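The values are calculated or read from the model by the stated rules, or taken from the named source; none is laboratory data. On a predicted model such as this, the values are computed, not experimentally measured, just so you know. Every residue, glycine among them, receives a Cβ derived from its backbone with ideal geometry; neighbour counts consider all protein chains shown. We work out accessible area using only protein heavy atoms, side chains counted, and drop any ligands, DNA or RNA first. Shrake-Rupley method; radii C 1.70, N 1.55, O 1.52, S 1.80 Å.
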Amino acid sequence: MFARFSRSWNLVKASAAVLMQDKELLLFPLISTGAMVIVFACFAVPILGLGALDGLSGGNDGRISAAMYVVGFLFYVVHYFVIFFFNTALVGAAMMRLDGGNPTLGDGMRIATSKIGVIAGYAVIAATVGMILRAIEERVGFIGRIIVGLLGIGWTLATYLVVPVLAARDVGPIDAIKESAILLKKTWGENVIGQVGIGLAFGFVVFGVILCGLFLVIVAALAHNAFLVISALVISVLAVGIALLVQGALSGIYAAALYRYASTGEGTQGFDAKTLKLAFAPK
């Protein structure tokens, strides 16, 4: 267990070394977050409106109406499209850096824009799978929910390398999904220790920031200083936001390096083949 955490931390440091060379990569998760906030705001009004209409018509009996399913599906599609678009831009730029280039924000956006049709197709597929799993989950018991959850995990693992495939190759969304599943199964099995390690590392960072923020807020409140309370809250929120942005960028860099190793079997800049292979434990 401790060895796995150590390897994950080494991967985080290797990803950070690449990120330090191109801090512009942080802009991709930042813009993606802003775009998702806009998407959520655009869909919140019609979703709340449909809920109010169901209540006025007496049709709100705990079931989701067909209109809500339609709006929910469209939200899934747009939400996934935004995520995949900017992830493709990030991974594409990271691959340029791993090749020794010096990518810019425009380079990443150009790569993602050139794949916009395929990204949209993959977003529709992902949204369909998500809606199907959601619909099944609402109609089954506790055991059924566990099974649906496992299916969701399986889908996530099988599509883990889809974005790097889309960024690196000219293939359709279905072919990208197939290649992702083949590469993951052929090279490392199904335990994605590296990404779990990154998630845990930044989970501890965010938890520590929250604890420090609460301490500062309490101290400021005891001092009866409203300015210090607000300042502590703002600083804490900004610190958490920065940590999440760094995590998103590191995950994209890591995914790019993993795809390179999966497709070539060789290490790349900042990552050696042995370290990458150990990032995934066999069953």
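Can you find a residue that is within 16 Å of the chain's Cα centre (by Cα), in a helix (DSSP H, G or I) and at pLDDT 90 or above anywhere in the stretch 54-76? Checked against the condition, which is being within 16 Å of the chain's Cα centre (by Cα), in a helix (DSSP H, G or I) and at pLDDT 90 or above, the stretch 54-76 yields no hits at all.
Quick check on my filter: what residues within the stretch 85-100 are open to solvent by 40 Å² or more (accessible area, probe 1.4 Å) and under 19 Å from the mean Cα position of the chain (by Cα)?
Asn87
Annotation note: of Ile174, Ile125, the sole residue that is exposed (fewer than 13 other Cβ atoms within 10 Å of the Cβ) and part of a helix (DSSP H, G or I) is Ile174. Within the stretch 131-161, the set of residues being within 15 Å of the chain's Cα centre (by Cα), open to solvent by less than 60 Å² (accessible area, probe 1.4 Å) and over 29 Å from Met96 (Cα atoms) comprises Gly152 only. All of (1) open to solvent by 40 Å² or more (accessible area, probe 1.4 Å); (2) β-branched (Val, Ile, Thr); (3) at pLDDT 75 or above hold for Val196 with one exception: (3). When restricted to residues that are in contact (Cβ under 8 Å) with a residue 24 or more places away in the chain and either exposed (fewer than 13 other Cβ atoms within 10 Å of the Cβ) or over 26 Å from Gly34 (Cα atoms) (or both), the stretch 213-224 contains 0.
Just one residue in the set Pro164, Pro103 is in a loop (DSSP other than H, G, I, E, B) and either within 18 Å of the chain's Cα centre (by Cα) or crowded, with 21+ Cβ neighbours inside 10 Å (or both); that residue is Pro103. With the condition kept exactly as written, say whether any residue in the stretch 225-241 is at pLDDT below 85, open to solvent by 70 Å² or more (accessible area, probe 1.4 Å) and not in a helix (DSSP H, G or I). No, the stretch 225-241 has no match at all.
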